1. Within the bounds of region 49-67, is there any residue that is under 25 Å from GLY132 (Cα atoms) and part of a helix (DSSP H, G or I)?
2. Confirm whether PRO167 is without any contact (Cβ under 8 Å) to a residue 24 or more places away in the chain and either aromatic (Phe, Trp, Tyr) or more than 23 Å from ALA228 (Cβ to Cβ) (or both).
3. Could you say whether any residue in region 223-239 is among the charged types (D, E, K, R) and over 24 Å from LEU47 (Cα atoms)?
4. Residues that are touching a residue at least 40 places away in the same chain (Cβ under 8 Å) and farther than 24 Å from ALA210 by Cα: does region 317-335 have at least one?
5. Kindly establish whether LEU269 is surrounded by fewer than 23 Cβ atoms within 10 Å (Cβ to Cβ) and at pLDDT 90 or above.
6. Enumerate the helices (runs of 4 or more DSSP H) found wholly within region 80-164, keeping only those where 2 or more residues are more than 17 Å from ALA239 (Cα to Cα).
7. Report the residue count in region 227-260 for those that are charged (D, E, K, R) and more than 24 Å from LEU182 (Cα to Cα).
8. Would you confirm, using the coordinates I've provided, whether THR226 is touching a residue at least 24 places away in the same chain (Cβ under 8 Å) and among the polar types (S, T, N, Q)?
Amino acid sequence: MTQSTDTGIEQIEPTTPASAASTGLSAVKRDWMIFALIVLLGWSLPLMAGGFYLYLGLTIAIYAMASLGLQLMVGLAGQLSLGHAAFVGIGAYTTVILEKQAGFAFVPAALCAMLLAGLMGLLMAQLIRLSGVYFKIATFGFGVIVYQIISNTTWLTGGHVGIRGIPAISIFGWAVTSRTDLFILEMSMFTIVYALLLRLCHGRIGRAFAAIGQNESAACSIGIPTDAYRMAVITIGCAVAGLAGSLLPHLMRFLSPESFGWHESLVLLIMITVGGLGSLPGAIIGTLVVIVVPEYLRELAQYKMFVYGLLLVMCMMFLPNGLAGLIQTVADRVSRLRRRKP
């Protein structure tokens, strides 16, 4: 039985509503349980380990936030962006410039960074009029344009010389003066972003994004305004990247264009692919792997991109659903074995 709605998102009514509802509810509960586990481990392990592991936790929190935004665009809605690092850069430079030159506090500067990155994402979203591979190439070009602007406006961004003397963060009288303080701030922002995106994915808008990612023509045929939703998901993903970027200079204590080139966009894509396309936990797992593994292979630092490429190829060949898919498969098999036991 079908029902027509103005958006066309929920037109098909299941023949067994009770069982379908219970299945959907269990999936929602499962995702929120995974969220609780990730947040618990993310908060506790770096703080307990301290030292170098706290620094790793700081780095992972920033890039996991950016990966979540990219996962929403690529893994859920199928809008591949080859210049996502540019929006992290927009967030980073906007925050630092407003703090250093305009005297903004961190919170309003970060909000402006997120807004500007979202607006630039909306500008890039106008490229959806290009079909197929042309849109993907155009997103790469957009990232190159942003990189060149950052590199050549030396009067504002310092160009390749970069920006030093990053101001300390102060939030309503709370001075962020240590790595522990910065970790608390980053994890708080990460937790909020993750929760909001998870809620979005399980809502009507998230189901529309997923429908577009699975089959855009079919989504359009049932009344979903695909162009509007595609522009919306690109804007949201870029805004999240900008928010992540607002934290990066306060961790690195230095800002230069090299952190936001095409290779960084590739690394972000590898993160969500290794972790599992379409899975928010997968974006976090992929970020963890891509950041942690090179730290234990420092002797092979010059081969880092080779290792990233190898990871990507191996996952595409043997783990098309990424590490998150592998974990889910193992968990399902264990669950079935337990049910079979007398």
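1. Yes, there is a match, as at least one residue in region 49-67 is under 25 Å from GLY132 (Cα atoms) and part of a helix (DSSP H, G or I).
2. In short, no.
3. Within region 223-239, the subset among the charged types (D, E, K, R) is 227, 230.
Filter again for over 24 Å from LEU47 (Cα atoms), leaving 227, 230.
The answer is yes, given that some residue of region 223-239 is among the charged types (D, E, K, R) and over 24 Å from LEU47 (Cα atoms).
4. Checked region 317-335: no residue is touching a residue at least 40 places away in the same chain (Cβ under 8 Å) and farther than 24 Å from ALA210 by Cα.
5. Taking the combined requirement at face value, the residue satisfies it.
6. Output list reads 85-101, 133-152, 154-157.
7. Start the filter on region 227-260 by keeping residues that are charged (D, E, K, R), which leaves 227, 230, 253, 258.
If we keep only those that are more than 24 Å from LEU182 (Cα to Cα) too, we end up with 227, 230.
Going through region 227-260 one residue at a time, the tally reaches 2.
8. Judged against the criteria, THR226 is not a match.
The values are calculated or read from the model by the stated rules, or taken from the named source; none is laboratory data. Model, not experiment: these values are computed from the prediction. All Cβ positions, glycine included, derive from the backbone under ideal geometry; neighbour counts span all protein chains shown.
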